[in-house]
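Read the structure below first, then the notes.
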Amino acid sequence: MLIAEKIGCVPQTLHEWVKKAEINSGKRGGVPTKVADKLKALEREVRELRQANEVLRKASAYFALARLDPLHLPRACRAAT
């Protein structure tokens, strides 16, 4: 009986686990799990920050235009200015 069968998985899954363990221990070339996870988190953060910057850029342009032309603002906002 194969080891994979004994632990209830297919051989390919066991092979991937071994390969990942070898990469994480430095026995095999590749990107360790911690580094890959950190990179993924940083890429997500960059994407979120870019989206936030885009919202702020559009809001800034909207309010700059509204300052020049108060009639451009919705009625509820005009009373506040």
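Would you point out the residue of the stretch 28-81, among those that are touching a Lys or Arg at 6+ places or on another chain (Cβ under 7 Å) and modelled with pLDDT of 95 or more, that is farthest from Val18 (Cα to Cα)?
Within the stretch 28-81, the subset touching a Lys or Arg at 6+ places or on another chain (Cβ under 7 Å) is 28, 33, 70.
In the following step, the residues that additionally are modelled with pLDDT of 95 or more were identified as 28, 33.
Numbers: Arg28: 10, Thr33: 13 Å.
Applying the filter and picking the extreme gives Thr33.
Looking only at the stretch 1-59, how many residues end up being among the aliphatic types (A, V, I, L, M) and not in a helix (DSSP H, G or I)?
Residues flagged as among the aliphatic types (A, V, I, L, M) and not in a helix (DSSP H, G or I) within the stretch 1-59 amount to 4.
The values are calculated or read from the model by the stated rules, or taken from the named source; none is laboratory data. Nothing here was measured: the structure is a model prediction, and the numbers come from that model. Heads up, the Cβs are rebuilt from the backbone with ideal geometry, glycines too, and the neighbour counts pull from every protein chain shown.
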